[in-house]
Each structure stands twice: as structure tokens, then as C-alpha cells.
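A short worksheet on the structure shown next.
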Amino acid sequence: MGLFDKLRGELIDIIEWIDHTRDTLVWRFPRYQNEIKNGAQLIVRPGQMAIFVHRGEVADVFHEGSYQLKTDNLPILSTLQGWKHGFDSPFRSEVYFVSTRQVTDLKWGTPNPVMLRDPEFGPIRLRAFGTYTLKAVDPVALLKELVGTDGSFETDEINELLRSIINSAFADVIGESQVAALDLASKYSEFSAQLREAVVERVDDEYGLDVPQLFIVNISLPPEVEKALDTRTKMSVIGDMGKFQQYQMGQALTDAAANPGGGGASEGMGLGMGFAMANQMMQTAGQAGAPGMAPPPPPMQTVWHIAVNGQTTGPFTAQQLQQSIATGQVKNDTMVWTNGMAGWQPAGQVPQLSGMFAASPPPPPPAG
């Protein structure tokens, strides 16, 4: 092999890019110090474009296909090189391959909450996140504005910039919509389309990029606000709070009765809940009798304390005590005390309470 043949063997004769990644936007062909052979093959696969750069100036752009590099398909480079009658010698040029397919599964999110004025809640903070796709539509603009002389340009190098643009556009779209926070979920598709349009306007002309798809996956309130909304929803589901409290107290009394092993503390708790239930029933009856009217302030009443199995409960009003006597929860021998008494006494021996106990009926008259 002669010296000329050896030199020709070191020249590049096939220029191509087999992309094994999913997130590379631009890749520079590794020419090193080798020159491109006259008549070399350029292979541009589907989803790619090739750009020749000569001495820092964009020369020729090739779309997908197979080319034999000659002066007729390198008009700009031929002019830059000064080949007036075709070129027989090797030439030097940087070749950049640009991926024009969509890069998918890219994510965005608001790093800090967006402050808004909600028509229902007032000032609120919103967070959002979603996904988007990216595609190069103007490789020359992309090469000039972002890539420069980078040998391999990945989506990670522009992801932060795009997230900032999306977050800024998201704040504009949501702020201008004036939609209440509780109605945002019904407009995700509409807001996604508006957000994509706003983002494309900012990246298309300047960076040569397109965002074919952009989705809002979720818009959320701060955790403490969501917790308050959950409580509000529970209250709405419960409805009549008075009836719900009566139901709870009735359930508690039923559970206490079904657990006789609870001891004195359990009995005292059950007795106290019984008094509370009686008071609730009396209040409900009073409200039903005078709808829409505020009750007058209660008069000063004597309050009573009750001792059951060493546990003290109370204070209870005379009306509550009467209700409990009527239901059998307070008996003649139940120990009671009120202010002014020297000590605990059975309820049946206290003058203020003895009249509340029903007298035992006399024996029936003899037959006949």
C-alpha cells in the first residue's frame, strides 16, 4: 500500500449518527483531526438533521436521506472553501446531528407555591406539576442559541430553563383565569392548552424548539388548607350537628352497657354521658318550640354533683337530674351533693329531690 492510499484510508468516508439514547438533542460527529473524504457518504436517519459548520459559520443543512458529498450538494461550503471547479481534495468541516423526534416523559413542577387571590377563599397558595414533550424544529437556531460548541447536548441542559418558562407561564394563565380553586380540576385540559401555547411562543422563535404536548397533572392547595376543606366537607355530610351528637351519645351508652366489666369509671362516664344527652334533648326541644328565636340567658340554678363507685360527676342542673331520675339512672340511694350541704346524702333523703321520685303504689284491694 502506497503512502497516498494510506492517507486516504485515514480520511472519513462515512458520516452518520446511531443514537442509543432517548434524551440527546444535538451530537457532534467526532471528526478529531481527520478530514472528510471527497465523495464521502452522509447518512441522515429518520428523526435527524445534519448541519455542516465551517470555521464557525453554518454552511449546509441536510434532511433525512443518504448523500454523496460533492460540490453540487454542498453549495455554501463550496463557496466558503473557494472551490471554483469542484473539489478533489479532502475538506474539514464540523458536522452536527440534531434529533428532530419528540423527547417524551419530561416533567415540570412549581418549586415554590404560586400566590393567587381566590374569589372564595381570598389569598391562597397553589402548587402544580405535570409532564411535557420537547422537539427541535429549527436546528440552526438551536445550534446558535443553546448548543454552541458542545459536543453532546442533552435535554437535562435545557430542562431547568424550560421549567422556569413553564412555571412563569402557569402563574400568568391561572392568575388571568380568575377561576375559583375548587373549580380548577374541571379545567385541566383547557389550562393545559393555554399553558402550552404560552410556552411555545417563548421557545419557538428564540430557541428553535417546540413543545408538542404539555399536561397539567395536578393543582393542589397547601396541606393545612386541604385538611380544613376535608373538615368542612365532613360537616356538610353530617348535616344536623345536634342529631349527630345525640346519635354519638346514644352509641356510647349502648357500648357502655355492653361492657359491664368497665368498673366504676365506666359507670361514671356512662352516667355523665346520660346527663349530657338529657341536656341536649332539652335544648333541641326548646329550639324546636321557638324556631328562629335566640333563647334567653339561663337563670341561676342550683347545680348537683353525683358520686357513683367513688367517681364524681357533674355539675348537673335540676332539670338534668330530673331527667336522669325519670330514666332510672339516679335512684333513691344515689349519693348527691350541692353547695350548702354538710356532706353527701342519698338523693331520696334530700328535700329538694325527694319529690322527684315516684311514690310506690299501695297494695291492690282484696278481690271480691
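Worth a mention:
- Selection of the stretch 302-326 for residues being β-branched (Val, Ile, Thr) and surrounded by fewer than 16 Cβ atoms within 10 Å (Cβ to Cβ) yields THR302, VAL303, THR312.
- Any hit, the stretch 111-125, residues being of a type outside the set (Lys, Arg), in contact with a helix residue (DSSP H, G or I) (Cβ under 7 Å, 6 or more places away or on another chain) and at pLDDT 90 or above: no
- Comparison of ILE43, ILE51, ILE76 shows that the only residue that is among the aliphatic types (A, V, I, L, M), modelled with pLDDT of 85 or more and surrounded by fewer than 18 Cβ atoms within 10 Å (Cβ to Cβ) is ILE43.
Residue by residue, here is whether (1) polar (S, T, N, Q); (2) more than 23 Å from THR131 (Cβ to Cβ) holds:
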site	(1), (2)
GLY148	no, yes
SER152	yes, yes
VAL179	no, no
ASN218	yes, no
ALA228	no, yes
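- Total residues in the stretch 316-340 satisfying the condition of being assigned to a loop (DSSP other than H, G, I, E, B), among the hydrophobic types (A, V, I, L, M, F, W, C) and in contact with a Phe, Trp or Tyr (Cβ under 7 Å, 6 or more places away or on another chain): the figure is 0.
- You will find that of ASP204, ASP150, ASP156, ASP138, the residue that is loosely packed, with under 13 Cβ neighbours inside 10 Å and among the charged types (D, E, K, R) is ASP156 and no other.
- Residue check: THR334 meets all listed conditions (1) at pLDDT below 80; (2) among the hydroxyl-bearing types (Ser, Thr, Tyr); (3) surrounded by 10 or more Cβ atoms within 10 Å (Cβ to Cβ) but one, namely (1).
- Positions within the stretch 22-44 being under 22 Å from ALA141 (Cβ atoms) and either assigned to a loop (DSSP other than H, G, I, E, B) or hydroxyl-bearing (Ser, Thr, Tyr) (or both), in sequence order: ASP23, THR24, PHE29
- Any hit, the stretch 182-191, residues being crowded, with 17+ Cβ neighbours inside 10 Å, modelled with pLDDT of 90 or more and within 30 Å of VAL98 (Cβ to Cβ): no
- Subset tally (residues that are outside any helix (DSSP H, G or I), touching a Ser or Thr at 6+ places or on another chain (Cβ under 9 Å) and within 15 Å of GLY314 (Cβ to Cβ)) for the stretch 341-350: 1
- Qualifying positions in the stretch 166-183 - in a helix (DSSP H, G or I), more than 17 Å from VAL217 (Cα to Cα) and of a type outside the set (Gly, Ala, Ser): ASP172, GLU176
The values are calculated or read from the model by the stated rules, or taken from the named source; none is laboratory data. Quick caveat, the model's predicted, so the values are computed rather than measured. Every residue, glycine among them, receives a Cβ derived from its backbone with ideal geometry; neighbour counts consider all protein chains shown.
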